[in-house]
């Protein structure tokens, strides 16, 4: 899935380091930061895992909404 990511925004709001976020989906910090900086393919499972970790929706992670807390 190619998307404009909100990964950096939510990671910084939750005070999580890039290396901590990278561990959630089993990749290196360097590879994870590529996803934050440039639109890239990230599979649905990784988006799901990150949304659970950050406590937000998959739609927010993928950039389909700007609301990190859609249930509130």
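The values are calculated or read from the model by the stated rules, or taken from the named source; none is laboratory data. None of these values were measured; they are calculated from a predicted model. Here the Cβ positions follow ideal geometry from the backbone for every residue, glycine too, while neighbour counts run over all protein chains shown.
Quick look at the numbers
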quantity	calculated
Among (1) more than 14 Å from residue 62 (Cα to Cα); (2) touching a helix residue (DSSP H, G or I) at 6+ places or on another chain (Cβ under 8 Å), the one test that residue 7 misses	(1)
Verdict on residue 69 being closer than 15 Å to residue 6 by Cβ and either at pLDDT 95 or above or in a loop (DSSP other than H, G, I, E, B) (or both)	yes
Positions within the range 34-58 being surrounded by fewer than 17 Cβ atoms within 10 Å (Cβ to Cβ), free of Cβ contacts under 8 Å to residues at least 24 places away in the same chain and in contact with a helix residue (DSSP H, G or I) (Cβ under 7 Å, 6 or more places away or on another chain), in sequence order	48, 58
Selection within the range 9-18 - without any contact (Cβ under 8 Å) to a residue 12 or more places away in the chain and part of a helix (DSSP H, G or I)	12
Test: residue in the range 21-30 that is surrounded by 17 or more Cβ atoms within 10 Å (Cβ to Cβ), free of Cβ contacts under 8 Å to residues at least 40 places away in the same chain, in contact with a helix residue (DSSP H, G or I) (Cβ under 9 Å, 6 or more places away or on another chain) and not in a helix (DSSP H, G or I)	yes
